[in-house]
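Derivation of every value follows stated rules applied to the coordinates shown; laboratory data play no part. Just so you know, these numbers come straight off a predicted model, no measurement behind them. Counting neighbours? That spans all protein chains shown, and the Cβs are built from the backbone with ideal geometry, glycine included.
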Amino acid sequence: MNRARQHNDHYGLQRRLAVAAAALLLLAPALGTEHFVQPAAPASVLAGPWGTYHKPFAVDSLWNSRPVNPVLGAATIPKSNYFPRVGGGKYSLEVFLAAADDPPVTVRGLPGRKGVWDPDWEAFRESITVPRWPRGVTPAEGRDGHADIVDATTGIVHSFNMLRFQAGQWIAGQYAWTRIDGRGWGDPAHYFQGARAAGVPAMGGLIRKHEVRDGDVQYRHALAVSLTFNALASNPAYVFPATSADRTASRNTGTIPEGALLMLPASFDTASIGNAELRKVARTLMTYGAYVVDRNVGTPFNIYVENGADFNLHGRGHWDAAAANDLQRIRAALRPVVAADGWLDANGRAFTPDRNLNLLSMRGPWIVRAGSGSGQFDSWAQALVFPQTATRIVQVARSARSMHPVSWAKPAAGVEYRLTALATGGARLRLRLRDMTTGKDLVDSGELADGATTIFPWPNRPVIPVLEAISGTDQKSSVSGTLAAVDPIEQRRAQ
């Protein structure tokens, strides 16, 4: 959804030096390969809990995890108009922390638009009110206008695209959110959780200001990288863990999808990188890698650094030809991970990344069938929320929008799925799977109260999900549900 434009301000002016830089690379003496072994992080880096402003996302988020013995594929990143890049600038962002006493701010849509586009609603919203807005919020200067706000009180990251302050009013093109203590990636139900095209918050994988001079030899998380048209794939345009890609992905001509994890091989010579800042990045690419989250224009790869960080590979107004050559070496060596023996979380514990995630969204649209008043979709709660009412409200959603078609998470015929209702105030949930051809209900869960579950095999023909939400009475109520495949191990135990 994000159409980043990386015009490569520093490098575009230096294209005439490309030939000279390439010549220096050919003349450089062969140096011994550094056998880099990941050392323990300094105590200052390990301090503090995960899922916070300084150490975002869960301990087992793929942002904070690393593969064991990764197997790298054959796909490569081609050259393009500019040199590869690591840095901040117009198409990066700054991350802002909201205090508990910061005031609310209402963000409205861009002039001439219906409102702020909210991918989780799959609709324009007239406005978004952020309950705590830090002082000094400054969107990036580029057209994308990225800015992420971390609200420690609610644990929500508010991620904006095309954010601007204009005529005394905050406006934006798009809004999405994620949890600071969550996965840092979308799931099939809440498939768009930030401003990047891959559906992630723009702060995901960002090299942060407080990390650049932390005394460590590498960053302790995967990085975020964008590629340009001749590197990105069009089919598939994205793979797990990404849940989206650029809307114009058909224009891509490369072989690497968004969501791919790019790494340097263990044999890559980091010892010959003279620039300490770039060497730290390269070591990170050898252990954690970089996830492809967006597309740029003309830069082979762009690894994002937080704006305001003390990070500049080329100094002030100075072109570092050696660093440029090393960036090209990194470009030529980066490969996508196609397999691994396993995964280690941020604490070094083995785990298996979960791909069996919730498929069911309550976004609607909803039609009232009975009662007075209506429930409203609350994206932050991922639920349909009803007002207090004396009589039950019954609402129906008959749209494929209840199950967004994430390519790697489509239901499989014959596989058993479990539906679990999550409700408050006496509300209930019902799911029917209706044959698209005959209109016949092939599955009917019946009305499920909070915590109730039902298991059913997925039909072997195309269906439309029909959701029915029933409110409680005499108090406020809410309802949502989770729908996921039954664990194969659990199925065997049940037999």
*Go through region 129-135 residue by residue and turn each phi into a ³J(HN,Hα) via Karplus (6.51, -1.76, 1.60, θ = phi - 60°); whole Hz please, and just put x for glycine and proline.*
9, 8, x, 9, 10, x, 6
*Residues with amide H under 5 Å of W117's amide H, sequence separation 5 or more or different chain, H placed in the peptide plane at 1.01 Å from N; which?*
R125, Q174, Y175
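Treating the beta-carbon of each Lys and Arg as +1 and of each Asp and Glu as -1, no other charges, what is the dipole magnitude of the chain about its Cα centre, to the nearest 20 debye?
1080
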*Computed magnitude of the charge dipole of region 367-494 (debye, nearest 20; Cβ of K, R +1, Cβ of D, E -1)*: 280
_If I take R0 = 35 Å and measure r between the Cβ atoms of T106 and N312 in this structure, what FRET efficiency does the formula 1/(1 + (r/R0)^6) give, to the nearest 0.05?_
0.45
*Using 0.36 nm per residue of separation minus the Cα-Cα distance, give me the extension gain between A413 and Q166 in nm, one decimal.*
83.8 nm
*Bins of 5 Å, starting at 0 and running to the largest distance - Cα pair percent for region 80-160*: 3, 13, 19, 22, 20, 12, 6, 4, 1, 0
*Mind counting lysine pairs for me in region 9-351? Cα separation below 25 Å, and the two need to be 8 or more apart along the chain or on different chains.*
8
_Cut-off 18 Å (backbone N to label point 7 Å along Cα→Cβ of A123), residues of region 377-413_ = 377-387, 394-404
_Rg over Rh of region 367-494, using C-alpha atoms and the Kirkwood radius, what does it come to?_
0.99
*Which value in nm describes the separation of the simple spin-label points at A271 and D214, placed 7 Å from the Cα toward the beta carbon?*
2.7
*Dipole magnitude of region 164-277 about its Cα centre, charges +1 at Lys/Arg Cβ and -1 at Asp/Glu Cβ only, in debye to the nearest 20?*
380
*Using alpha carbons only, how many degrees (0 to 90, rounded to 10) separate the axis of helix 321-333 from the longest principal axis of the chain?*
50
_the chain: relative contact order as a whole-number percent, Cα under 8 Å and 6+ apart_ = 17
*Per Stokes-Einstein, at 4 °C and 1.567 mPa s, what whole-number D in µm² s⁻¹ belongs to the chain, with the Kirkwood radius over Cα pairs as the hydrodynamic radius?*
54
*Along the charge dipole of the chain, which of V396, A452, A98 sits closest to the positive end, that is, farthest toward it, with unit charges on the beta carbon of Lys, Arg, Asp and Glu (+1, +1, -1, -1)?*
V396
*Normalised by the residues of region 367-494, what does the relative contact order come to in percent, with Cα pairs under 8 Å and at least six apart?*
34
*For W343, residues with placed amide H under 5 Å, excluding near neighbours*: V68, F351
